[in-house]
Amino acid sequence: MAGAALALLLRHHGAAAVTLVESHAIRAGEPPDTPSFDARSTALSAGSLAILERLGLLDTVLERAAAIDTVHVSRRERLGITRLNAAEHALPRLGAVVENRWFGHVLLGAVEADPAIELRAPASVSAIARESDGYRVTLDGEERLTPLLIAADGARSRTREWLGITARHQDLGQDALIANIGLAEPHQGVAFERFLDDGPLALLPLPDHRMALVWTGPREQVDHWMSLDDDAFLAALRQRVGAAMPRLARAGERQRYPLILTEACAQAVPFAAVVGNAAHTLHPVAGQGFNLTFRDLALLAERVGGQPNPGRLALLEQWAADRRRDQADIARASRWVPELFRVRNPLFAHTRQLGLLALDLLPGARKSFARRAMGL
Ligand SMILES: Cc1cc2nc3c(=O)[nH]c(=O)nc-3n(C[C@H](O)[C@H](O)[C@H](O)COP(=O)(O)OP(=O)(O)OC[C@H]3O[C@@H](n4cnc5c(N)ncnc54)[C@H](O)[C@@H]3O)c2cc1C
């Protein structure tokens, strides 16, 4: 997802040629099935939609996306509900939810349509060597020199390792279970975030009366949810969702993802940068991972796209420095929010309800929270 998006952004900002290397096969014209473009869905913030518009891809992405008009945040069996809505921010929508396979189909379709982007898939880089003017890369046995090498190969990035950049990994001991849920009534563009004792649960609107479920919990709990038949699973889910949510009718295939936070110790070194999951992975609670990455990529492409020496360290370090604040704020919030909601101390629980209530009662606080979440 990060690699394809960056290739398009680099071209948009004047890069003469880009090579995109993917280890999985990609068949022209077919929805991809790679680790990024899998059964998940992505909530794209208003900021991400604006970047897609600049790339000329927004209309195609929206053909099969559902708009988020309202975000409804609640906690089980407690007071404290907050709603964020698009009208309050004078926006046509707060964001949109797209299935990763469709998103991948659109991004890779644009990659394939650009003769200056060479897509090598399935292909692999077997070695890299630093030269005085870039990296010599061995790609399927063939050597080539690049003035800028970008590691976008996921949280366990081999390229990042080859660059000598270490990463911190924090296993949260939790998994995210995902599934598409069929509804018995329309969702009306509402995205639900519900904080439960096990962990947060999100239901995001999808086209055709469906919602994308992201349900996080301790691994043994997720083992149990995975072992249930569809009816028992739906019953367990119904028990936890609030009365505000639409009636759930059917559950699609379930998949799980371990929640391991990753943070690369550096994102810029001479002639190379680290982006996407290779640079940082977040708790999926607020659907911020790719939105944050997309902002990193847009700025990187703007800074290096038309440069004769795109791998200059000063240029890359300045980019990394300019992205640090946004990355730190979002990482802190996505670590802090699920923790905050897990603490069982009654006094603290009360404060946290007040927090949600305050967010609902103070339009200013809600507005700044929403603008941040939307990447504006
Ligand atoms: C359950 C869940 C829900 C999420 N929901 C949202 C959301 O709603 N909104 C949001 O903004 N973010 C969301 N995210 C985060 C989002 O999925 C990530 O930001 C996104 O996957 C980052 O993509 P990436 O391309 O950096 O890495 P990856 O998705 O890990 O992709 C890495 C790619 O590199 C390829 N690769 C690996 N090794 C090599 C190699 N050696 N050579 C060549 N290619 C290689 C892989 O095949 C893969 O295609 C969610 C994450 C999870 C787990």
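The values are calculated or read from the model by the stated rules, or taken from the named source; none is laboratory data. Treat the numbers as computed from the prediction; the structure is a model and nothing was measured. Note: ideal-geometry Cβ built from the backbone for every residue, glycine included; neighbour counts use all protein chains shown. These area figures cover heavy atoms from the full protein model, side chains too; ligands, DNA and RNA do not enter into them. Shrake-Rupley method; radii C 1.70, N 1.55, O 1.52, S 1.80 Å.
Residue by residue through the range 138-151, which ³J(HN,Hα) values in whole Hz follow from phi under the Karplus form 6.51 cos²θ - 1.76 cosθ + 1.60 (θ = phi - 60°), with glycine and proline marked x?
Coupling constants for the range 138-151: 9, 10, 6, x, 9, 9, 8, 9, 10, x, 8, 9, 10, 8 Hz.
With contacts defined as alpha carbon pairs under 8 Å and 6 or more residues apart, what's the relative contact order of the range 76-168 in percent? The partial results should precede the final answer.
On the way: 60 pairs, mean separation 10.9, N = 93.
It rounds to 12 percent for the range 76-168.
Between Arg130 and Gln307, what is 0.36 nm times their sequence separation minus the Cα-Cα distance? Round to one decimal in nm. Intermediate results must be reported in sequence, preceding the final value.
On the way: separation 177, 0.36 × 177 = 63.72 nm, distance 1.98 nm.
Once the chain is fully extended between Arg130 and Gln307, it gains 61.7 nm.
Across every pair of different alpha-carbon atoms, what Kirkwood hydrodynamic radius in Å does the range 259-300 reach?
Details: mean 1/r = 0.0919 Å⁻¹.
Over the range 259-300, the inverse of the mean reciprocal pair distance is 10.9 Å.
How big is the range 129-199 in terms of Cα radius of gyration and Dmax, in angstroms?
Over the range 129-199's Cα set, Rg and Dmax evaluate to 21.6, 62 Å.
What does the charge dipole of the range 264-337 about its Cα centre add up to, to the nearest 20 debye, if the Cβ of each Lys and Arg holds +1 and the Cβ of each Asp and Glu holds -1?
Computed charge dipole of the range 264-337: roughly 120 debye.
To one decimal place, what orientation-averaged projected area in nm² is obtained for the convex hull of the Cα set of the range 274-341?
Values: hull surface 17.8 nm².
Spelled out: convex hull of the Cα atoms, projected over all directions, averaged, 4.4 nm².
Name the residue from Ala17, Ser132, Leu91 whose Cα lies farthest towards the positive end of the charge dipole of the range 1-137, charges +1 on Cβ of Lys and Arg and -1 on Cβ of Asp and Glu.
The one lying farthest along the dipole's positive direction is Leu91.
List the residues whose amide H sits under 5 Å from the amide H of Leu149, counting only those 5 or more places along or on another chain, with H placed 1.01 Å from N in the peptide plane.
Ala272, Ala273
Considering the options Thr34, Leu282, His209, tell which one lies farthest towards the positive end of the dipole of the chain, charges being +1 on Lys and Arg and -1 on Asp and Glu at the Cβ, about the Cα centre.
The Cα lying farthest towards the positive end belongs to Leu282.
Dividing the Cα convex hull volume of the range 211-259 by residue count, how many Å³ per residue is that?
Details: hull volume 4.3 nm³, N = 49.
Value for the range 211-259: 87 Å³ per residue.
Output wanted: per-residue J couplings in Hz (rounded whole) for the range 38-54, from phi through Karplus 6.51 cos²θ - 1.76 cosθ + 1.60, θ = phi - 60°, x for Gly and Pro.
Running phi through 6.51 cos²θ - 1.76 cosθ + 1.60 with θ = phi - 60° gives 10, 6, 6, 10, 10, 7, 8, 6, 4, x, 5, 5, 5, 5, 4, 5, 4 Hz.
Determine how large the accessible area of Glu142 is when every protein chain is in place; take a 1.4 Å probe and give Å² rounded to the nearest 10.
80 Å²
Using +1 on the beta carbon of Lys and Arg, -1 on that of Asp and Glu, and nothing else charged, what's the dipole of the chain about the Cα centre, debye to 20? Mind dumping the intermediate values first?
Details: 43 positive and 43 negative charges, 257 e Å.
The calculated dipole for the chain is roughly 1240 debye.
Given the C-alpha centroids of the range 191-269 and the range 113-165, what is the distance between them in whole angstrom?
Answer, in whole Å: 35.
Hey, got the dipole for the range 144-228? About the Cα centre, +1 on K and R Cβ, -1 on D and E Cβ, debye to the nearest 20?
Working: 8 positive and 11 negative charges, 118 e Å.
That gives a dipole near 560 debye.
With a 1.4 Å probe and every protein chain left in place, work out the accessible area per residue of the chain in Å², rounded to a whole number. Write out the running numbers ahead of the final one.
On the way: 17120 Å² over 376 residues.
Here the residues of the chain average 46 Å² of exposed surface.
Can you list the equivalent-ellipsoid semi-axes of the chain, largest first and in whole Å, using the square root of 5 times each Cα gyration tensor eigenvalue?
Values: eigenvalues 263, 95, 84 Å².
In descending order, the three semi-axes are 36, 22, 20 Å.
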